[in-house]
């Protein structure tokens with residue numbers, strides 16, 4: 001922004017006189033302000049940082065922190081609950097559509113273990129299956145075992161999207177268990193004839209324990225599949241009023257500690273997650289030291305687990321400490337969201353308890369009062385240091401003031417010489433063709449400001465003209481680039497990246513309107529067979545992936561002087577500029593076989609029908625050529641699809 005010289009600039013004589021007065025007054029004011037601020041800061045520090053205020057503030061922060069951590073655990077548990085409900089709905093749909101589902105052609109059959117149980121081992125993309133020997137012999141058992149593989153993609157997505165999950169499974173009423181990630185040799189871990197109704201991760205979801213058919217969280221139990229101590233979020237799967245089985249999502253205690261109760265605290269607090277009766281579900285290392293009990297993270301399996309094994313009474317939180325502590329901690333649990341001061345091991349703790357969402361869990365955090373009050377003692381030491389620093393500061397300040405008075409006369413000389421030197425440098429740069437003056441600075445000296453301002457106006461005028469010329473050139477270039485981008489977007493299919501229908505028709509127009517001799521112009525129209533069933537069965541997102549993969553196959557097999565485009569929907573067109581119809585038909589047949597043998601994301605064979613047509617005479621237009629290719633394509637479809645016909 002342009003600024004004019006000061007209205008009433010001072011002279012050098014007045015500058016020296018006024019500067020001396022201002023500097024003297026400034027020193028007096030600085031001394032007074034510093035003295036006042038020093039005592040004010042000291043008083044405010046003593047008054048604002050008393051022990052009671054500081055303790056209340058810290059306790060409030062601890063309470064907010066505990067609530068935040070509890071909200072985090074609630075959010076995570078809600079996510080797992082929603083995910084369990086989604087898997088439950090998939091299984092309900094599975095049993096509704098059971099008779100309509102085909103068995104995969106490459107589905108592996110069950111193997112019989114030496115102990116009589118049946119099983120199949122999975123891999124990184126599929127689940128393992130176990131069938132108790134009595135259940136596997138029932139009518140329809142093998143069909144259910146093979147068809148339940150349709151749930152593997154849901155299992156895999158759930159475990160990938162939620163790293164806290166250790167495994168996800170479905171336990172059927174007749175002893176079938178499908179579990180992901182896969183576990184080899186399940187009969188060794190589960191035995192020959194596993195009675196699923198003996199385990200809490202099943203019976204807690206049955207009619208007797210869960211008549212409302214809600215999502216249920218189990219207490220800690222020992223996993224019979226060899227994964228150690230864990231908890232499960234389970235949901236019943238009913239076919240009408242018949243309980244077909246239970247869906248379960250497992251979280252090991254180790255993952256629970258790492259992800260959920262590894263809360264952020266500033267005091268290395270002990271953190272405990274309990275159920276409503278006070279059983280410790282999980283705790284961090286600080287809590288282990290406080291309660292003198294080791295968390296169960298691992299287990300050495302010496303024999304098959306035939307029923308639910310839960311934590312012992314040693315993990316009841318009210319079994320630790322003296323009677324007063326037991327009474328107080330139980331009252332804290334009963335009250336839900338609350339705080340209290342509890343004593344244990346000659347220490348006093350500030351304790352917070354928060355209820356976790358839609359579970360019966362409590363997140364309890366123990367913070368040592370000695371650590372809480374540590375800042376109070378630090379304040380006392382800080383006050384003593386402040387007094388010493390004020391004295392040192394005043395001594396140093398007096399030395400600085402003395403130096404300032406000495407340097408004042410030199411500053412006055414620099415105040416005059418500096419703007420003059422700057423003006424000289426700007427004039428030299430301007431003379432060398434560089435527009436260096438970007439702003440006008442008022443020095444307060446009349447003669448220098450007039451020169452600066454006049455020179456500034458002249459240089460700004462030249463700079464503005466130069467900028468306008470440069471800006472005009474930039475705008476012209478940007479418009480040209482923008483037009484090219486618009487043209488490219490208009491002729492390109494957004495999904496596949498191929499030329500769209502408009503683009504390929506323009507190419508046909510150019511080729512057919514050429515003044516040179518008629519080329520051997522041949523086109524292929526390709527239609528994916530039964531593509532609607534792909535969208536209906538797998539959804540439009542998978543359908544889009546099939547279209548993209550189909551496009552990649554076409555592009556990978558294009559020959560020289562061939563151009564591919566998306567004609568519309570599941571139809572594609574290839575223009576062959578040089579090649580008779582028989583050669584192009586042979587090429588189309590090779591491409592058909594490549595498509596037929598390609599492994600698409602649906603894991604099903606996908607085929608395509610081809611119609612081939614060529615230019616017949618010089619008067620042949622675009623529409624007749626396309627119509628002949630369409631008729632050939634219709635003929636291919638009438639012949640049973642997955643073939644090539646010429647028009």
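Of interest is the spacing of the C-alpha centroids, which for segment 146-167 and segment 189-267 amounts to 15 Å. Prolate is the label for segment 154-271. Its Cα gyration tensor axes, ordered a ≥ b ≥ c, give a/c of at least 1.5 and a/b above b/c.
Each of the peptides 81-88, 121-128 was scored by the mean count of other Cβ atoms within 10 Å over its residues; in descending order, highest first, they stand as 81-88, 121-128. Working note: Cα gyration tensor of segment 85-247, eigenvalues times five, square-rooted, sorted largest first, giving semi-axes of 21, 19, 17 Å. Along its principal axes, segment 131-179 has C-alpha extents of 37, 17, 12 angstrom, given from the largest down. Cα centroid separation, segment 539-617 to segment 324-369: 68 Å.
When only Cα pairs below 8 angstrom with a gap of at least 6 residues are kept, segment 214-336 shows a relative contact order of 22 percent. A full extension of the chain between residue 30 and residue 641 corresponds to an added length of 210.5 nm, given 0.36 nm per residue minus the alpha carbon distance. Once the chain from residue 309 to residue 381 is taken as fully extended at 0.36 nm per residue, the excess over their C-alpha distance is 20.4 nm. Each Cα pair under 8 Å and six or more residues apart adds its separation to the average, and for segment 501-646 the resulting relative contact order is 31 percent. Sorting 319-327, 350-358 by their mean Cβ neighbour count within 10 Å, with the most densely packed peptide first, gives 350-358, 319-327. Using C-alpha pairs below 8 Å separated by at least 6 residues, the relative contact order for segment 77-131 is 17 percent. Protection proxy ranking of 302-310, 210-218, by the mean of other Cβ atoms within 10 Å over each peptide's residues and highest first, is 210-218, 302-310. From the Cα gyration tensor of segment 501-646, with a ≥ b ≥ c the square roots of its eigenvalues, which class applies: rounded if a/c is under 1.5, or else prolate if a/b is larger than b/c, or else oblate? Note, shape of segment 501-646 comes out prolate.
Each reported figure results from applying straightforward, stated rules to the coordinates on display, with no laboratory input. Please read all numbers here as calculations on a predicted model, not as lab measurements. Neighbour counts are summed over all protein chains in view; Cβ atoms, including those assigned to glycine, are modelled from backbone coordinates with ideal geometry.
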